[in-house]
Amino acid sequence: MKKLALHWQILIGMFVGILVGLIFTQFSWGKQFVSDWIKPFGNIFINSLKLIAVPLILASLIKGVSDLKDISSLSKMGFRTITTYIITTLIAVSIGLVIVNIIQPGNSIDEKTRTELLEAYAGDAESKQKDAQNQKQKGPLQALEDLVPDNIIGAASSNGNMLQVIFFAIFFGIGLILIPEKNAKPVKDFFDGLNEVILKMIDIIMLAAPYGVFALMAALIVEAPSSDLIIALLYYSLSVIIGLALMIGVYMLIVKIFTNKSPKFFLNGISPAQLLAISTSSSAATLPVTMERVEEHLGVHRQVSSFVLPIGATINMDGTSLYQAVAAVFIAQAFGMDLTLGTQLGIIATATLASIGSAAVPGAGMVMLVIVLGQAGIPEAGLALIFAMDRPLDMLRTSVNVTGDAAVSMLVAKSQDKLGDPQVKDWDDNYKK
Ligand code: ASP
């Protein structure tokens, strides 16, 4: 029998997980059972992916940078990558704003539901506000300061310091380009080998993906809040979902226009990473798979993917910025506020920055949303309104974040003449010659 493609296996895992979750919620002991006996497998799966995030970035980025022949091609690629990331984020925020202004989801919330939600989630919202308060107290150049670690072991010891690890890896790679070839070779060979090992580890972990995803979905379902509240927020979610879907359309267009690859080719190649993003809600946890798919199935040369994707996972969050724009305006609408054009333009700027600053972990976009709200003068307590829907929307926006990174990597690869045909297995070697 022909083996089912991985994305189908993952999809089946998701649906069976949802089904099992729904069945178990019918029993009084069901929730506890799922938390005790099913959820841990989901956590193990996510942990094993996170486990290889730091070594993956170190190995692949050092290899990627040192494979570049000189510093000028590095800065050219860096410039292209960052500008494209910022442009796609601006497009995403703008789409979000247009949609939320057309649908006006906040106006459909009645007084009773609003009070109910505010009461139910007041505690959670407060803790998010505190996190954001800490962020705000930092100076304007704090983000820049945070980029440079004072100890690489310290930085690499937490998955929350990806940008610091990236900084170190690029710096190390530059050093490697600048020393004599003879001395650089053994170091490069080591990182080449390390890279191979880690990619193999990802392959092995992915064999367990359908089961991991099953466990994660079942746990999510039994922990979901009451369905009344979810229905009350349908319009808001719909606005975010329509926006995210349009964004996927934008990526397909970008890929078609700039690389002449069909939307089907693009989606087929990236879909396992999208599905994994949906079940982990974390671009960082999805990164290993995004890299594998982009290289092996979309034909992006490793030199490009190893540079563009880790950076994208941390700073390019189009789905998050779109969600932040919709959520901010939705909350304002729900409180009966009228936002001026000036305020909405301000949201474009803050949501872009806030999405860049969001960590690639579940729920990070919501923490940073507080900053967008604060800047626009929207009551932060409104966070409580959208709390119930955050996780499902986080799943979807993370998937868009990952898709955006992949699309941009193809575009940058094309512009560097590093986009090959994934069917031709040895094209990678041809490039090296
Ligand atoms: N979960 C998102 C990500 O990892 C970030 C967020 O929007 O919360 O990409």
(message) Looking at region 283-294, can you tell me whether even one residue there is in contact (Cβ under 8 Å) with a residue 60 or more places away in the chain, touching a strand residue (DSSP E or B) at 6+ places or on another chain (Cβ under 8 Å) and either under 20 Å from residue 84 (Cβ atoms) or within 14 Å of the ligand (Cβ to nearest atom) (or both)?
(response) yes
(message) Just to verify a result, which residue in region 347-362, among those that are within 16 Å of the ligand (Cβ to nearest atom), in a helix (DSSP H, G or I) and open to solvent by 50 Å² or more (accessible area, probe 1.4 Å), is farthest from residue 277 (Cα to Cα)?
(response) 353
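Let's see how each residue does on (1) under 12 Å from the mean Cα position of the chain (by Cα); (2) surrounded by fewer than 24 Cβ atoms within 10 Å (Cβ to Cβ); (3) more than 30 Å from residue 80 (Cβ to Cβ); (4) more than 10 Å from the ligand (Cβ to nearest atom):
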site	(1), (2), (3), (4)
297	no, yes, no, yes
325	no, no, no, yes
339	no, yes, yes, yes
345	no, yes, no, yes
369	no, no, no, no
381	no, yes, yes, yes
386	no, no, yes, yes
402	yes, no, no, no
407	no, no, no, yes
(request) Say whether the condition of being crowded, with 24+ Cβ neighbours inside 10 Å, farther than 28 Å from residue 391 by Cα and more than 16 Å from the ligand (Cβ to nearest atom) is met by at least one residue in region 249-272. (result) yes
(request) Scan 76, 3 and give me the residue that is open to solvent by 70 Å² or more (accessible area, probe 1.4 Å) and assigned to a helix (DSSP H, G or I). (result) 76
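The values are calculated or read from the model by the stated rules, or taken from the named source; none is laboratory data. Since we're looking at a predicted model, the values are computed, not measured. Using ideal geometry, Cβ is built from the backbone for each residue, glycine included, and neighbour counts are taken over all protein chains shown. Please note that ligands, DNA and RNA were not included when accessible areas were found on the heavy atoms of the full protein model with its side chains. Shrake-Rupley method; radii C 1.70, N 1.55, O 1.52, S 1.80 Å.
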